[in-house]
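Structure record follows, encoded as structure tokens.
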Amino acid sequence: MEKIVNLHIEKLPEGVYLATSDDVPGLVAQGRTITETLEIARDVAKKLLEAQLEQQRPVNLQTAEDVFDYPLVVGG
């Protein structure tokens, strides 16, 4: 079952993007583009959540339902 992780993404002065999350402590991802940053963040989140489950720590994330809103970023 897929879960929803809320990310905070900001563009740093160096021109790269940084993603963090209050939902998954320790999640930090950096990329040259928003797309690259999201891909890295997805991989990092997956590994961190797998580690939490292995340690039998509860994972309290919202389940992705059949209908939900998703902000789509499109280049201009």
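What to note about this one:
- DSSP loop GluC sites (Glu not before Pro) with at most 15 other Cβ within 10 Å: longest gap in the chain: 15-64
- In terms of surrounding Cβ atoms within a 10 Å radius of their Cβ, Asp23, Asp69, Asp43 rank from fewest to most as Asp69, Asp43, Asp23.
- Stokes-Einstein translational diffusion, region 3-58 - Kirkwood Rh over all Cα pairs, 0.890 mPa s, 25 °C, in µm²/s: 212
- Our helix-only sum for the chain, with -39,500 (n - 2.57) per DSSP H run of n ≥ 4 divided by its residues, gives a mean residue ellipticity at 222 nm of -9500 deg cm²/dmol.
- Against the main long axis of the alpha-carbon atoms of the chain, helix 34-54 sits at an angle near 20°.
None of the figures in this text is laboratory data; all of them are computed from the coordinates on show. No experiment lies behind these values; they were computed from the predicted model shown. Note: ideal-geometry Cβ built from the backbone for every residue, glycine included; neighbour counts use all protein chains shown.
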